[in-house]
Amino acid sequence: MANNLCECCDKNPSVAVASVAGMPMSIAWCRDCLEAGVSPYWALVANAISIDGMDHAADWFIAEVEHSLKYFKKTWAQFNEEVARGIKEMDEDLERMALMDKSE
Ligand SMILES: [Zn+2]
């Protein structure tokens, strides 16, 4: 990272590189985020989109989101809205790809 900022909160200087819970990736973390044991907000949104919404979420993931939303001072309403928007965008991309297939 050029700016050495925590990739979780994007605010504090990072002190370590560690993995993100439930995701096959490592990012730079600051001490606060590591100690809080949260997941990056963007990773939670991406994860929720990949399982087609929180209706399909496992209990541990729901708890993880709840815990992290509190840390980032975000609400479930904000989170669900971003997830819904992401799923809609993904559906539109898939439709576009399906249309391209047919035109060949
Ligand atoms: Zn942080």
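Values in this text are rule-based calculations from the coordinates and carry no lab data. Given the structure is predicted, the values throughout are model-derived calculations rather than measurements. Here the Cβ positions follow ideal geometry from the backbone for every residue, glycine too, while neighbour counts run over all protein chains shown.
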| remark: Across Leu34, Leu44, Leu94, the residue with the highest GNM fluctuation in the chain (Cα network, 10 Å cutoff) is Leu94
| task | Taking only Cα atoms and a 10 Å spring cutoff, compute GNM fluctuations for the chain and point out the largest among Met54, Met25, Met90. | result | Met25
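Rg to Rh for the chain: what is it, with Cα atoms only and Rh by Kirkwood? The partial results should precede the final answer.
Working: Rg = 16.1 Å, Rh = 15.0 Å.
Ratio of gyration radius to Kirkwood radius: 1.07.
Considering Cα pairs under 8 angstrom that are at least six residues apart, work out the relative contact order of the chain and quote it in whole percent. Display every interim value, and only then the final one.
Values: 100 pairs, mean separation 20.3, N = 104.
Value for the chain: 20 percent.
Can you list which of the trypsin sites (Lys or Arg not before Pro) found in the chain are DSSP loop residues with at most 14 other C-beta atoms within 10 Å? Walk me through the numbers on the way to the answer.
Values: sites: Lys11, Arg31, Lys70, Lys73, Lys74, Arg85, Lys88, Arg96, Lys102; in loops: Lys11, Lys73, Lys74.
Sparse-neighbourhood loop trypsin sites (Lys or Arg not before Pro): Lys11, Lys73.
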| request: Would you compute, from DSSP H runs of 4+ residues alone, the mean residue ellipticity of the chain at 222 nm, taking -39500 (n - 2.57) per run and dividing by the full residue count, rounded to the nearest 500? | output: -18000 deg cm²/dmol
| query | Translational D (Stokes-Einstein, µm²/s) of the range 33-82 at 20 °C and 1.002 mPa s when Rh comes from the Kirkwood sum over C-alpha pairs? | reply | 197
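With Kirkwood's inverse mean 1/r over C-alpha pairs for Rh, give me the Rg to Rh ratio of the range 55-104, two decimals please. All intermediate terms of the calculation are to be shown ahead of the outcome.
Numbers: Rg = 15.8 Å, Rh = 13.0 Å.
Here the Rg-to-Rh quotient is 1.22.
If you average the sequence gap of Cα pairs under 8 Å that are 6 or more apart and divide by the length of the range 1-62, what percent do you get for the contact order? It would help to have the intermediate numbers written out before the result.
Details: 69 pairs, mean separation 15.9, N = 62.
Relative contact order of the range 1-62: 26 percent.
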| field | In degrees, nearest ten, helix 76-103 long axis to first principal axis of the chain (Cα) | value | 40
| remark: the range 69-104 scanned against label point 7 Å out from Ala58 along Cα→C-beta; backbone N under 20 Å for 69
| message | With a 10 Å cut-off between alpha carbons and a GNM built on the chain, which of Ala43, Ala63, Ala84 moves the most? | response | Ala63
